[in-house]
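For reference, the structure discussed in these notes is given below.
The values are calculated or read from the model by the stated rules, or taken from the named source; none is laboratory data. Since the structure is predicted, the reported quantities are computational estimates derived from the model, not experimental observations. Note: ideal-geometry Cβ built from the backbone for every residue, glycine included; neighbour counts use all protein chains shown. These accessible areas exclude ligands, DNA and RNA; they are computed on the full protein's heavy atoms, side chains included. Shrake-Rupley method; radii C 1.70, N 1.55, O 1.52, S 1.80 Å.
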Amino acid sequence: MTLTTRPLGSTGLKVTELCVGTSPLASMARLYGYDVSDERAVSTIAAVLDSPLRFIDTSNGYGEHGEAEKRIGVALAAHGGLPADVVLATKVDPDPLTGDFSGERVLASYEESLERLGVDRVPLLYLHDPERISFEEGVAAGGPVEALVRLREDGRVDHIGVAGGPVDLLARYLDTGQFDVLLSHNRYTLLDRSAEKLFRSAHERGIGVVNAAPYGGGMLAKGPDVQTKYGYGERDDRVAEAAGAMAAACERYGVPLPAAALQFSLRAEFVDATVVGISSPERVAQTLGYAELEIPDALWTELEAFVPPSEYWLA
Ligand SMILES: NC(=O)c1ccc[n+]([C@@H]2O[C@H](COP(=O)([O-])OP(=O)(O)OC[C@H]3O[C@@H](n4cnc5c(N)ncnc54)[C@H](OP(=O)(O)O)[C@@H]3O)[C@@H](O)[C@H]2O)c1
């Protein structure tokens, strides 16, 4: 199959509407509930490289020692390098020991990432989870935003993005006018719409919009009985109950719940790419299959009736 390619805002980059998320590849059992071996991770990326998926999302901070980037690096080396048509994005993270998130640390984080991935540069580099510092620290002289802007000015990256959770904080970063791309996660899904307004306004301003975690970190893929967390944390029972009701509605139409969860994001005209986390090679074909399945309009209408009220959203 060929995947639809979309412009990533005004960056000039063209990306497949499906992007491969790699945090599960770092074996973070605390978030996902299971471990992932080196071999399973590397073979997942090998399968991605052999597929129509041409957009990969990772981060310096996935795994205690950058396991996701290291494992991607091993797969890329075995493949003979990064294919020219694959957009590989990574993110800068604080020093894992000291928590330092200064401009200096941003440069060190980027260097570490390049070495682990075995590439000279990436086209897109994000400020990762800026909720770990205050906005004032983020934009201060000598701080991370200034360092990212300098990397772009120096031509060491083409585009910079901000990737994180709380939408009000992300909006403040976008209002600096410095960011080319916005990524938010778990906040535009069947169960949570916190990011919709910001995504729409970012899209209108020509900022690339990347919607990560359409399965809420797994609940909408594996089902609420298997993955009881939403967005990596315990939530009010109303969230799992809504997921259960959605799963039952999907079953009546013969549609797998993850297919509806994925297409909910893919069909939004203001989302340029949807990032799905996977950790085994067979997920590649499954995900592509979910993306092209026919979903009747009547099912979308039924699913909307189960969306939890906004007080249950992550915000
Ligand atoms: N702040 C940030 O920048 C940020 C935050 C969150 C996410 N992200 C990015 O977005 C990506 C997506 O988020 P996410 O991975 O946390 O959540 P997600 O995409 O909502 O869900 C991932 C979970 O769904 C499971 N899954 C995927 N396809 C499946 C299938 N066909 N059948 C059964 N289970 C399936 C995965 O299981 P398996 O492991 O078994 O495949 C994994 O447990 C991340 O990997 C990361 O790259 C970025």
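A few comments on the model shown:
- Test: residue in region 235-248 that is without any contact (Cβ under 8 Å) to a residue 12 or more places away in the chain, away from the ligand (no atom under 15 Å from the Cβ) and under 25 Å from SER59 (Cβ atoms): no
- Residue match in region 152-165 (condition: part of a helix (DSSP H, G or I) and under 20 Å from GLY138 (Cβ atoms)): yes
- Against the numbered list (1) within 23 Å of VAL87 (Cβ to Cβ); (2) outside any helix (DSSP H, G or I); (3) more than 8 Å from the ligand (Cβ to nearest atom), VAL276 comes up short only at (3).
- When region 202-223 is filtered for residues that are open to solvent by 40 Å² or more (accessible area, probe 1.4 Å) and over 15 Å from SER279 (Cα atoms), the ones remaining, listed by number, are HIS203, GLU204, ARG205.
Results for (1) open to solvent by less than 60 Å² (accessible area, probe 1.4 Å); (2) among the small types (Gly, Ala, Ser), shown as yes or no for each residue.
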residue: VAL275; (1), (2): yes, no
residue: ILE278; (1), (2): yes, no
residue: PRO281; (1), (2): yes, no
residue: ALA298; (1), (2): yes, yes
residue: TYR312; (1), (2): no, no
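- Options ALA273, ALA243, ALA221: the member that is under 16 Å from the mean Cα position of the chain (by Cα) and within 12 Å of LEU190 (Cβ to Cβ): ALA221
- Cross-chain or 6+ apart pairs with Cβ under 6 Å, region 200-229 first and among the charged types (D, E, K, R), then assigned to a loop (DSSP other than H, G, I, E, B) and surrounded by fewer than 24 Cβ atoms within 10 Å (Cβ to Cβ): ARG200/PHE270
- Selection over region 9-51 of residues that are within 14 Å of the ligand (Cβ to nearest atom), open to solvent by less than 20 Å² (accessible area, probe 1.4 Å) and without any contact (Cβ under 8 Å) to a residue 60 or more places away in the chain gives a count of 2.
Okay, residues lined up against (1) among the acidic types (Asp, Glu); (2) under 17 Å from the mean Cα position of the chain (by Cα); (3) within 10 Å of the ligand (Cβ to nearest atom):
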site: GLY177; (1), (2), (3): no, no, no
site: TYR188; (1), (2), (3): no, yes, no
site: GLY208; (1), (2), (3): no, yes, no
site: VAL226; (1), (2), (3): no, no, yes
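- Selection count, region 114-134, where residues are over 12 Å from PRO94 (Cβ atoms), within 16 Å of the ligand (Cβ to nearest atom) and out of contact with any strand residue (DSSP E or B) (no Cβ under 6 Å at 6 or more places or on another chain): 2
- Whenever a residue of region 58-85 is of a type in the set (Lys, Arg), its partners that are open to solvent by 30 Å² or more (accessible area, probe 1.4 Å), lying with C-beta atoms within less than 7 angstrom and at least six residues away or across chains, give the pairs LYS70/ARG116; ARG71/ASP38; ARG71/VAL42.
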